[in-house]
Structures are given as structure tokens and as C-alpha cells.
Amino acid sequence: MRAVQLVSWQADPELRDVAVPEPGPGEVLVEVAGAGLCHSDLHLMEWPEGTFPWRLPFTLGHETAGTVAALGRGAGGFAEGDRVLVYGPWGCGSCVHCVRGAENLCLHRFGRPGAGCGLGYDGGLADYVLVPSARLLVPLGDLDPVEAAPLTDAALTPYHALKPELPRLVPGSSAVVIGVGGLGSVAVQLLRALSPARVVAIDLREASRALALRFGAHVALDARDLTPADLREELGGGATVVLDFVGNDETLALAAGTIEIGGHVALVGLGGGSFPMTFGSVPLEWSLRRPSWGTLPELHEVVALARSGALELAIERLSLDEAVDGYHRLHAGEFNGRAVVVP
Ligand code: NAD
Ligand code: ZN
Ligand code: ZN
């Protein structure tokens, strides 16, 4: 089968021929219908050797959906042909976090051969993906597996970031989404579906701002030269919550300068910026959280929300041959929403 593999650090991945894996006891072989290209893969490729304790090569792709092709001995709960979403963080399954379904926080994630699908372990940018356990699969029901693939990260991650903050988003509150790409375009929809907050979207790209408006943002602003004062004027005060899907010095300064007293910043983007927190540079009683991916129970909730019709994934389909170039295009900011590779 074909697979897009990371062969060396700080280099482009390669499309290679590899053997179709055989499911061992408890494992499930999934025929891939769609696998999303996430900006985190670009960070992963940019970071130097040694940042992660993983052996190369491995197949990329941590946002995968497909159909069950074969079940290993003892793997239950699914039948061949079932449409499934692959929960991406693959933990030990037994630590204090894994047993409550938070495999994204597995205590042993860096002591194992990988942290998840396409992250040390072979992922979904291939004809087939071998999933270590049926517990990591979520039934898709009648959802289209190509369109549903991004649910497992582009929707799960903003859902996990937003869910604890929903009680603050009362009528009259406001939420700012910085960076309306794969994750941010879903965040706008989550905010509209789950809260009465006024939603202000910010992006450098005109097409991303148009997407934000299509998905229900009340206003979409150009990030270029946007100051906290401009944003506060637009909001008529400070922001209740800022979801930052970029995370560089500029966006974090914008977030810190815009939140209201007691306001919250969810820093999702891996842009490597610093949050200004000297006294006076940020309002009183601010809070900041760095959420990481999401839990299995939350993924079931996200799928339920999608099945209710509340989420529309904006996707562009690519073939496996186009995947490596797809990462270049992602780097250049050429996609609206998510690029999904359809093997
Ligand atoms: P993406 O490339 O699809 O979207 C990024 C968007 O941000 C684009 O629309 C781009 O135009 C916009 N943008 C870039 N710089 C900007 C700026 N200065 N101001 C405003 N907008 C700007 O990326 P994605 O796949 O949605 O991922 C977003 C970020 O989230 C990445 O850093 C990714 O690594 C990170 N991420 C984190 C987690 C986590 O668990 N914390 C999970 C997935 C992705
Ligand atoms: Zn990702
Ligand atoms: Zn664990």
C-alpha cells in the first residue's frame, strides 16, 4: 500500500510503498477514507531531531476516518464495514488519565513508541491504518467518513478548549477566534452552536474571514495592524474568552490586551509566542490554559454534535499523490478549512 512517511526530521515526508499491516490480537485494521492535513504536522516536521523520542520512519496523519477492514483476535464492538473515526491520541490505556478517556494526557506518552496515530505510530495518510485497540474507534453512523475525518482533531481540539469555558459565555458575552483555519473554522461553529456569545473572528486571509462569516461569526476582522484598542472598540468592551489558534507573540499580545477583567485565553496554536503577564499588561484575574487535543468521551460528543447537523467541515479533497505538495500548500496558507487526503 502507499503511505506518506516522515523519513527524516526537518525534511519533507515521502510517498512510499509499505506492507499492509496485519491486525494482531485486539487490533483493528481500518481502510482509510480520509485523513486531514493538520498544521501541527508542519511544526512536527520543522522541529529538530530529538524534540520527540520517536523512531523514523512513520506514516503521518492523525486525523483519520474510514471503514473497519479486519479485526484481530479478541477485538470486539465493531464489524467489518463499519464506518469509524480514529481517536488520535493513543495512550497506554491504563494510567490515571487514560482510564478516564483522556489518552491525550497519558502519563507515558513520551515513554512509548509514539503518542498517537501518525505521531510516532503509523497514521492515516495511507491506504490502511492499524489501530491498536477498538477502544480508540468512534462509530460514525451515517456521517460521510471523508468529511468527518477532521472531527477527530480540527473539531475535537477546539471543543476541548471551549467546553470548560461555556458557563462564562452567557448572553452579552463575547468570544474572539484568532486564526480561522482548520481548527478555527470549527471553533466559530462550536461557539454559535453551544453559546449565545458574540463571535468575532480574526485572520490575515480574506478567504478565512469569509469562511468565518459563512459559519456564523458576527464580525470578521483583518489581523494586520489590529490593536487591542481596535478590538475592544469593536466589542464595546473586553472579550470574555479568546481562542488563539496561532499563538505567536503578536496574537498573544492581542489576546492579553483584549480580554476583560476575569477573562480567559485558550492558547491552542503552537506558534511558540510568549504571553505578556507583567502587572498592568493584562487585566486582573485573567486566566490562560494550554489545552492539548481532547478526550475520547469528548470525541463522542463532537460526533453527536456533527450528526445533529450543527457542524459543517469545509474540506478540500486531495489524492495521496498530492499529500506532500498539500503540506507545502498548507504552509503557504492556501486552504480554506481543512485539506483531506482521500487515498
Ligand atoms: P491552519 O493552517 O489550518 O490555520 C491557521 C489559520 O491562522 C490560517 O487561516 C491563517 O491565515 C491564520 N493566521 C496565521 N497567522 C495569523 C495571525 N498572525 N493572525 C491571525 N490569523 C493568522 O492551522 P490549523 O491546523 O487550524 O492549526 C492551528 C494551530 O493549532 C497550529 O499551530 C496547530 O499546530 C495547532 N494545533 C494545536 C493542537 C493542540 O492540541 N494544542 C491541536 C491541533 C492543532
Ligand atoms: Zn492536529
Ligand atoms: Zn496512559
Quick one: what pairs do we get from the range 277-296, first residue closer than 17 Å to L254 by Cβ, second aromatic (F, W, Y) and assigned to a loop (DSSP other than H, G, I, E, B), C-beta under 7 Å, 6+ apart or different chains? L288/F275
Pairs, please: C-beta under 9 Å, at least 6 apart or cross-chain, first residue within 18 Å of V188 (Cβ to Cβ) and within 16 Å of ligand 2 (Cβ to nearest atom) and in the range 330-343, second part of a strand (DSSP E or B) and open to solvent by less than 70 Å² (accessible area, probe 1.4 Å)? F335/I315; F335/E316; G337/I315; G337/E316; R338/G36; R338/I315; R338/E316
Kindly indicate whether R109 is buried (at least 19 other Cβ atoms within 10 Å of the Cβ), over 18 Å from E298 (Cα atoms), charged (D, E, K, R) and within 16 Å of ligand 2 (Cβ to nearest atom). yes
How many residues are crowded, with 22+ Cβ neighbours inside 10 Å and within 16 Å of ligand 2 (Cβ to nearest atom) when one looks only at the range 92-106? 2
Selection over the range 44-66 where residues are outside any helix (DSSP H, G or I) and open to solvent by less than 40 Å² (accessible area, probe 1.4 Å) yields a count of 11
I need the full set of residues from the range 180-209 which are basic (K, R) and part of a helix (DSSP H, G or I), in order please. R192, R209
Qualifying residues in the range 151-165 (those that are aliphatic (A, V, I, L, M) and touching a strand residue (DSSP E or B) at 6+ places or on another chain (Cβ under 9 Å)) - the one farthest from L267 (Cα to Cα): L151
Quick one: in the range 70-114, of everything that is over 16 Å from A149 (Cβ atoms) and not in a loop (DSSP other than H, G, I, E, B), which residue is farthest from ligand 3 (Cβ to nearest atom)? A70
Segments classed as strands (runs of 3 or more DSSP E), wholly inside the range 280-343, with at least 1 members that are closer than 20 Å to D244 by Cβ and either open to solvent by less than 30 Å² (accessible area, probe 1.4 Å) or of a type in the set (G, A, S) (or both): 287-289, 338-341
Are any residues in the range 125-166 open to solvent by less than 10 Å² (accessible area, probe 1.4 Å), within 13 Å of ligand 2 (Cβ to nearest atom), in contact with a helix residue (DSSP H, G or I) (Cβ under 7 Å, 6 or more places away or on another chain) and not β-branched (V, I, T), and if so, which ones? L125, P150, L151, A154, A155, L156, P158
Looking at the range 165-179, which of the residues that are assigned to a helix (DSSP H, G or I) and free of Cβ contacts under 8 Å to residues at least 40 places away in the same chain is nearest to ligand 3 (Cβ to nearest atom)? L166
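This table checks each residue for (1) part of a loop (DSSP other than H, G, I, E, B); (2) in contact with a strand residue (DSSP E or B) (Cβ under 8 Å, 6 or more places away or on another chain); (3) within 9 Å of ligand 1 (Cβ to nearest atom); (4) more than 24 Å from K163 (Cβ to Cβ).
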{"site": "L211", "(1), (2), (3), (4)": "no, no, yes, no"}
{"site": "G216", "(1), (2), (3), (4)": "yes, yes, no, no"}
{"site": "L226", "(1), (2), (3), (4)": "yes, yes, yes, yes"}
{"site": "T240", "(1), (2), (3), (4)": "no, yes, no, no"}
{"site": "L243", "(1), (2), (3), (4)": "no, yes, no, no"}
{"site": "V246", "(1), (2), (3), (4)": "yes, yes, yes, no"}
{"site": "T251", "(1), (2), (3), (4)": "no, yes, yes, no"}
{"site": "A256", "(1), (2), (3), (4)": "no, yes, no, no"}
{"site": "H264", "(1), (2), (3), (4)": "no, yes, no, no"}
Restricting to the range 115-144, name every residue that is among the small types (G, A, S), part of a loop (DSSP other than H, G, I, E, B) and more than 19 Å from the chain's Cα centre (by Cα). S133, G141
Looking at (1) in contact with a strand residue (DSSP E or B) (Cβ under 9 Å, 6 or more places away or on another chain); (2) under 27 Å from I315 (Cα atoms), which one does H43 not meet, given that it meets all the others? (1)
So which residues in the range 17-65 are on the phi > 0 side of the Ramachandran plot and modelled with pLDDT of 95 or more, if there are any at all? G26, G61
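The values are calculated or read from the model by the stated rules, or taken from the named source; none is laboratory data. Everything numeric here is computed off the predicted structure, so don't read it as measured data. We place every Cβ from the backbone using ideal geometry, glycine too, and count neighbours over all the protein chains shown. Side chains are part of the model used for accessible areas, which takes the heavy atoms of the whole protein and leaves out ligands, DNA and RNA. Shrake-Rupley method; radii C 1.70, N 1.55, O 1.52, S 1.80 Å.
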